[in-house]
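K.L.:
Just passing along the structure, written as structure tokens.
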Amino acid sequence: MIEFVNVTKVYDNEVRALSNINISIDKGEFVFLVGPSGAGKSTLIKLLLKETEPSAGRLFFNNKDITKVRNRGVPTIRRKIGMVFQDFRLLPKKTVYENVAFAMRIIGAPNKEIRRQVPIILSMVGLSKKANSYPNQLSGGEQQRVSIARALVNNPSLIIADEPTGNLDPDTAWEIMKLLKEINNRGTTILMATHASEIVNSMKRRVIAVKNGQVIRDEQRGVYGDEF
Amino acid sequence: MDKLSEMNREVCTAMNFRNLSYMIKQGFVSMWKNRMMSFASVGSVTAALLILGVILLLILNINNIATVTQNQFDEVVVYLEEDVDQSDTERIGDAINEFDGILSVIYQSKEQALEIMKQNLGENGYLLEGLEEENPLPNSYVIQLKDLKYADDVVMRLEGLTGVEDIRYLKDVLDQLMTIANTVRLGGFIIIGFLILISIFIISNTIKLTVAARKREINIMKYVGATNGFIRGPFVVEGMLLGLIGAVISIAVVYFGYKYLFTVLNEELYVLFTVYLVPYYKIFQDITIIFVSIGVGIGVIGSVLSIRKFLKV
């Protein structure tokens with residue numbers, strides 16, 4: 001469902017972020033993206049989200065060439081991708097329910113559908129009882145669950161998690177991983193950029209390691225490795 | 001690719017009424033939150049439009065004077081000296097008829113001239129009663145020109161005739177009027193252009209406050225796949241509202257101010273004078289259309305400028 005074909009990205013300031021990247025990810029996979037800071041992980045994610053354009057090569061998503069998609073086409077792609085961030089990015093003045101509903105509201109979903117869908121997703125992430133709480137009344141793990149709920153609510157085919165456990169203690173991190181695994185088991189593809197070597201090593205999933213803008217390792221049931 | 005464009009269409013049609021009410025609500029809310037800056041924005045739009053109003057009224061009135069008196073401009077009046085006798089008068093008339101560019105030459109005796117003057121004064125005609133005995137008006141020829149361009153030539157040749165006391169024609173006045181109109185227009189447009197730029201700047205700064213306060217929200221909206229139009233909506237509505245309020249205030253001030261001035265001039269001065277002024281009820285529609293479109297335009301441009309940077313995610 002995702003295919004990078006000879007993708008190179010050179011930024012305007014002549015920083016070469018990616019060189020000749022070839023990656024292919026199938027539907028339903030759970031992929032860890034590892035590598036040191038500045039290796040090119042963020043650029044890979046930005047390319048998928050169409051925040052930036054590749055300098056060379058082609059990029060496919062859901063069997064469609066999205067290399068050249070611009071402006072009006074970008075929201076369409078983003079609606080198929082759920083984003084989960086390290087810092088949660090919740091709206092502090094909205095309740096848990098409203099934060100999740102917001103994602104549906106801004107793509108113009110009818111109220112009836114919002115009222116039906118949001119409780120289902122909240123119960124899936126185990127937050128039904130916290131629906132009317134505000135983000136500052138929640139623990140870090142709970143906040144990350146809200147952000148996952150928000151990423152899921154529009155039924156994306158891919159979830160990109162950028163260091164989702166970076167701000168969490170190990171126990172909470174594992175709860176989040178359990179949740180992501182569950183979501184993956186229901187068929188959603190997951191791409192997770194992370195520095196958490198323990199998690200990567202014990203999950204035994206596909207690992208793509210990037211360094212200096214190149215894929216240095218891509219293996220099924222991989223490990224975090226010690227290259228960096 | 002077909003499927004992709006189909007999805008794009010869905011994105012577009014999702015901009016429905018639900019979204020519209022959301023945008024309008026957000027626009028009002030944030031306008032109230034930054035009421036100090038909103039006040040400044042409305043003030044600057046109002047100031048720009050008020051000055052535009054004054055200049056517009058000046059130009060409209062100058063144009064009006066020009067049209068009202070237009071039929072006098074292709075008319076040259078030759079006043080004859082008091083002691084010119086019948087045959088000399090006829091001789092002068094014949095000479096004028098020979099000139100190029102003459103449409104008609106009509107002799108107007110001093111008695112006729114007085115009668116016409118009385119008619120022009122209408123109700124106030126009694127003021128001229130008693131002048132018949134000692135009529136101060138001269139005999140004259142009223143010359144209609146084929147075109148205004150012959151005026152200079154005809155006047156020059158008239159000056160060469162004997163028995164002519166004075167020549168009156170209004171091309172000079174017209175020229176002056178047009179020079180004034182052009183100066184007012186040019187100066188006005190420069191000042192207005194400047195003021196509009198300032199208004200755009202102030203409005204865009206006002207809306208930047210709202211944008212900055214909702215940076216996080218905009219960021220999330222971008223990642224979830226909101227269209228730029230949807231994100232921009234509330235800010236554009238806010239800008240439009242600011243511009244619209246400024247427009248409504250200045251329409252009211254200009255309209256009622258001019259109405260007052262017009263009424264006062266009508267009462268204080270002779271009715272004759274106000275023929276040259278554009279009646280106040282005739283300007284309302286034009287002023288409304290011009291002010292609302294400029295006010296709303298300023299608001300939209302200001303808001304689009306202020307949010308452009310934040311849409312690049």
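K.L.:
Using every alpha carbon pair in the range B:193-295, what percent of pairs falls into each 5 Å bin from 0 up to the bin containing the largest distance?
P.N.:
Whole-percent P(r) values from 0 Å outward: 2, 10, 15, 15, 12, 11, 9, 8, 6, 4, 4, 3, 2, 1, 0.
K.L.:
I'd like the Karplus ³J(HN,Hα) series for the range B:251-266: coefficients 6.51, -1.76, 1.60, θ = phi - 60°, whole numbers in Hz, and an x wherever there's a Gly or Pro.
P.N.:
Per-residue couplings from phi come out as 4, 4, 4, 5, 5, 6, x, 5, 4, 4, 4, 4, 5, 4, 4, 4 Hz.
K.L.:
Excluding residues fewer than 8 places away in the same chain, name every one of the lysines whose C-alpha is closer than 18 Å to that of A:K178.
P.N.:
Partners within reach: A:K204.
K.L.:
A further question follows. B:Y276's amide H: which non-local residues (gap 5+, or another chain) put their own amide H closer than 5 Å, with H modeled 1.01 Å from N in plane and none for Pro or chain starts?
P.N.:
Under 5 Å from the amide H of B:Y276: no residue qualifies.
K.L.:
What's the average, rounded to a whole number, of partner chain beta-carbon atoms within 10 Å of each residue's beta-carbon in A:68-76?
P.N.:
6
K.L.:
Return the distance in nm (one decimal) between the two label points of a simple spin-label model at B:E268 and B:R168, each offset 7 Å from Cα along Cα→Cβ.
P.N.:
Computed distance between label sites B:E268 and B:R168 equals 2.6 nm.
K.L.:
Where a ≥ b ≥ c are the square roots of the eigenvalues of the C-alpha gyration tensor, would you call the range A:1-64 rounded, which needs a/c under 1.5, or, failing that, prolate if a/b is larger than b/c, or oblate?
P.N.:
oblate
K.L.:
Run down the lysines and flag those whose C-alpha is under 17 Å from the C-alpha of B:K309, throwing out any fewer than 8 positions away in its chain.
P.N.:
Here the lysines satisfying the reach criterion relative to B:K309 are A:K50, B:K208, B:K215, B:K222.
K.L.:
Can you pull out the trypsin sites (Lys or Arg not before Pro) in the range B:118-150 whose DSSP state is coil and whose Cβ has at most 13 other Cβ atoms within 10 Å?
P.N.:
Loop-located and lightly packed - B:K146.
K.L.:
For chain B, take the longest principal axis of its alpha carbons; what is the angle in degrees between that and the long axis of helix B:17-33, to the nearest 10 within 0 to 90?
P.N.:
80
K.L.:
Checking the cross-link filter: which lysines have an alpha carbon closer than 30 Å to that of B:K146, excluding same-chain neighbours under 8 positions apart?
P.N.:
Correct list for B:K146: B:K110, B:K118, B:K171.
K.L.:
Could you calculate the contour length gain from B:I102 to B:A252, that is, 0.36 nm times the residue separation minus the distance between their Cα atoms, to one decimal place in nm?
P.N.:
Contour length minus the Cα-Cα distance gives 49.1 nm.
K.L.:
Take every residue in peptide A:4-15, count the Cβ atoms of other chains within 10 Å of its Cβ, and give the average of those counts.
P.N.:
Mean shielding by partner chains, rounded to a whole number: 0.
K.L.:
Pull out a ≥ b ≥ c, the square roots of the eigenvalues of the alpha-carbon gyration tensor of the range B:73-169, then state rounded if a/c is under 1.5, prolate if not and a/b is larger than b/c, and oblate in the remaining case.
P.N.:
oblate
K.L.:
A follow-up question, please. Under a no-solvent Debye model with one identical scatterer per Cα of chain A, what's log10 I(q)/I(0) at q = 0.13, 0.17 Å⁻¹?
P.N.:
-0.77, -1.26
K.L.:
Just to be sure I understand: with springs between alpha-carbon atoms less than 10 Å apart, which residue in A:A17, A:A173, A:A109 has the highest mean-square fluctuation in the Gaussian network model of chain A?
P.N.:
Highest fluctuation of the listed residues: A:A109.
K.L.:
List the residues whose amide H sits under 5 Å from the amide H of A:S133, counting only those 5 or more places along or on another chain, with H placed 1.01 Å from N in the peptide plane.
P.N.:
Under 5 Å from the amide H of A:S133: A:V96, A:Y97.
K.L.:
Thinking of chain B as a set of Cα atoms, what percent of all their pairs are more than 27 Å apart?
P.N.:
Beyond 27 Å sits 63 percent of the P(r) for chain B.
K.L.:
Between the range A:156-187 and the range B:80-120, how far is it from one alpha carbon centroid to the other, in angstrom?
P.N.:
About 104 Å separates the Cα centre of the range A:156-187 from the one of the range B:80-120.
K.L.:
Let me ask you something else. In the protein assembly as shown, if the dipole is taken from +1 on Lys/Arg beta carbons and -1 on Asp/Glu beta carbons about the Cα centre, which of A:G141, A:F102, A:V200 is farthest to the positive end?
P.N.:
It is A:V200.
K.L.:
At 222 nm, what helix-only mean residue ellipticity would the protein assembly as shown give, in deg cm²/dmol to the nearest 500, using -39500 (n - 2.57) for each DSSP H run of four or more?
P.N.:
Theoretical 222 nm ellipticity from helices: -18500 deg cm²/dmol.
K.L.:
At R0 = 30 Å, how high is the FRET efficiency between B:D286 and B:L209 if r is their beta carbon distance? Nearest 0.05 is fine.
P.N.:
0.30
K.L.:
Follow-up question, since we're still on this one. Provide the FRET efficiency to the nearest 0.05 for the B:V29-A:S123 pair, computing r from the beta carbons and using R0 = 41 Å.
P.N.:
Working from the Cβ atoms, E equals 0.85.
K.L.:
May I pose another question? Using the per-residue mean of other Cβ atoms lying within 10 Å as a proxy for protection, in what order, highest first, do the peptides B:236-248, B:191-203, B:36-48, A:46-58 fall?
P.N.:
Ranking the peptides B:236-248, B:191-203, B:36-48, A:46-58 by packing returns B:236-248, B:36-48, B:191-203, A:46-58.
K.L.:
Oh, and also: Starting from one equal scatterer on each C-alpha and no solvent at all, send me the Debye-based log10 I(q)/I(0) for the protein assembly as shown at q = 0.09, 0.12 Å⁻¹, two decimals.
P.N.:
-0.79, -1.13
K.L.:
Could you work out, residue by residue across B:213-219, how many beta carbons of other chains sit within 10 Å of that residue's beta carbon, and then give the average as an integer?
P.N.:
So the per-residue partner count for this stretch is 2.
Quick note: the coordinates plus some simple rules give every number you see, no bench work behind them. Worth saying up front: this structure is predicted, and the values here are computed from it rather than measured. Every residue, glycine as well, gets a Cβ built from its backbone with ideal geometry; the counts of neighbours run over all protein chains shown.
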